[in-house]
Amino acid sequence: MSYKSFEFSFPTRIVFGPGESGKAAEHAAGFKPKKIFLMTYADVLLPVVKKLMKDLEEMNIPYVLYDKCMPNPTAVQIDAAAACCREEGCDLVLGVGGGSVIDSVKSTALLVTNPSEGGIWDYVSGAKEPANRPLTIMLVVTIASTGSEGNESFVLTDREGKDKLIFNHPFVRPVLSVCDPELSVTLPPRQTALGAIDVFCHVLEQYLHDDPCADASDEMSFGLLKTVHKWAPVAVAEPGNMDARSNLLWCAILAMSRVLGVGHDENWLSHDMEHAVSAKFNLPHAAGMAGIMPVYLDYIEKQGKIPDKLKRLAELLGAESAAEGMRNFQRSLGLPVNLAEALGHGASEEEISEMAPHSLPWGPWNAGNLGEFSTEDAASVLQNSFKE
């Protein structure tokens, strides 16, 4: 029977549209904050951040700038950020950026109100459950990619750089996310392309399942796949095209809003494998997904699973097989098609053997109801993903 019992809630307020980021200070003021912890990237102070700071100052709203967010944030970084936020007496955490900033904001806001001797990793590892609601979480999103501006998840890497895990809890849903497609116009083409592939993979992982009657979910998923396939090349070729930017940003939000995956099995194996790779090599997440997804599609096809779905995907991508179509799509965007390309080097047998068990941190998994996927299967997919 399709659609097992589920609960679905989307309490995050989304403010969407070109130019909406210019009102971010007004939105923040609505929370009547005592002091804002403003989190953003370490390498560049974005124009939208400069305007936001100016607006907050003109409105006499106190804030402290924390410009130390890094790609693939670690537990060590979040422990330090939370300590700073707590010392500053902030009650609103406002992030401006993409996935790494969003992960940092959510985890920082949670740890401030749930201090623990082992830091944030106590919660990510499952050793503890948070008891207290986090500080208020508000976001200004600068790229169509992770979609975590509208969900209850964040991802962190442990102190040793071995495990990269996702933490899910309704506490860490943003209260408000400002989603302005204009902010992505100045992204380098590669970043735009990587964001689009990230969105495409998010949708695929909720489409690659063996429930033949989850039509509502599958048709929504396929519609998003078609949309990303149509508009990603346009956004790369025409950075200022607002139709492309808006479609990709809305797809990103919908892809991870949970609306696609409720009531049926999901399949996040590619994500789990990528997390092991990026934890070890600090690879941008979407580049890792680009290196793994074609190989995983090959794996499913060779297993004889969901042939009709794979055929439909191949037809969308204009190829004989889904894996070939995925590679062609990625190449058309100037992206790698394997992990050796993505990293610029291969991986030894020892490194693959080390990453494989970290690809399945909770053990073998019958993901998408496609059969049990073991550590040996993960090693095989990773090995093939490192082949040029």
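With R₀ set to 25 Å, the beta-carbon distance separating ASN366 from ARG13 gives a calculated FRET efficiency near 0.10.
Residues of the chain were split at every exposed loop site, defined as chymotrypsin sites (Phe, Trp or Tyr not before Pro) in a DSSP loop with at most 10 other C-beta atoms within 10 angstrom, and the longest piece left, sites excluded, is 9-361. Once the Cα atoms are used to define both axes, helix 215-237 deviates from the longest principal axis of the chain by about 70 degrees. Applying 1/(1 + (r/R0)^6) with r as the Cβ-Cβ distance of ALA131 and GLU26 and R0 = 22 angstrom yields a FRET efficiency of 0.10. Separation of segment 274-314 from segment 200-271 is 15 Å, based on Cα centroids. Distance from the C-alpha centroid of segment 33-73 to that of segment 341-388: 38 Å, rounded to the whole angstrom. Among the listed pairs LYS164/LYS280; LYS302/LYS387; LYS106/LYS280; LYS34/LYS128; LYS35/LYS106; LYS23/LYS51, those with a Cα-Cα distance over 20 Å are LYS106/LYS280; LYS34/LYS128. Once the Cα atoms are used to define both axes, helix 285-302 deviates from the longest principal axis of the chain by about 30 degrees.
Site pair LYS51 and SER5 shows an inter-label distance of 4.8 nm when each label is modelled 7 Å from Cα along Cα→Cβ. Based on C-alpha pairs under 8 angstrom that are at least 6 apart in sequence, segment 36-133 has a relative contact order of 33 percent. For the pair segment 100-147 and segment 79-97, the centres of their Cα atoms are 11 angstrom apart.
Checking the cross-link filter: which aspartates and glutamates have an alpha carbon closer than 19 Å to that of LYS54, excluding same-chain neighbours under 8 positions apart? Hits, sequence-local ones excluded: GLU20, GLU26, ASP67, ASP180. Under 5 Å from the amide H of HIS209 lies no amide H of any residue 5 or more positions distant or on a separate chain, with H modelled from the backbone and absent for Pro and chain starts. Spin-label pair VAL76-SER353: with each label point 7 Å from Cα along the Cα-Cβ axis, the two points sit 2.7 nm from one another. Semi-axes of the equivalent ellipsoid for segment 187-385, computed as √(5λ) from the eigenvalues of its C-alpha gyration tensor and ordered from largest down, come to 25, 21, 15 Å. Principal-axis analysis of the Cα atoms of the chain puts helix 322-332 at an angle of about 50° to the longest axis. Summed over qualifying helices (DSSP H, 4 residues or more, each -39500 (n - 2.57)) and divided by its residue number, the chain shows a 222 nm mean residue ellipticity of -15000 deg cm²/dmol. The amide H of GLY95, built 1.01 Å from its N in the peptide plane, has MET39, MET138, LEU139, VAL140 as neighbours under 5 Å, considering only residues 5 or more places off or on other chains.
Under 17 Å of direct C-alpha separation, and excluding same-chain neighbours fewer than eight residues apart, LYS4 reaches these aspartates and glutamates: ASP210, ASP211, ASP215, ASP218, ASP265, GLU266.
Across segment 13-183, the mean sequence separation of Cα contacts (distance under 8 Å, 6 or more residues apart), normalised by length, yields a relative contact order of 29 percent. So, in nm, how far is label ARG331 from label ASP67 when the simple model puts each one 7 Å beyond its Cα toward the Cβ? So the two model labels end up 4.1 nm from each other.
Annotation for segment 129-211: GluC sites (Glu not before Pro) lying in DSSP loop with at most 12 further Cβ atoms inside 10 Å of their Cβ are GLU160. For segment 13-183, the alpha carbon convex hull comes to 98 Å³ per residue, rounded to a whole number. Amide H contacts of GLY161: none lie under 5 Å away among residues 5 or more positions distant or on a separate chain (H built 1.01 Å from N in the peptide plane; Pro and chain starts excluded).
Remark: relative contact order (the chain) = 16 percent; criterion is Cα-Cα distance under 8 angstrom and separation of 6 or more residues. Within segment 4-93, the GluC sites (Glu not before Pro) that combine a DSSP coil assignment with at most 11 other C-beta atoms in a 10 angstrom radius are GLU7.
All of the numbers you see were taken from the coordinates with simple rules; none came from a lab. Keep in mind the model is a prediction, meaning the values are calculated, not measured. Counting neighbours? That spans all protein chains shown, and the Cβs are built from the backbone with ideal geometry, glycine included.
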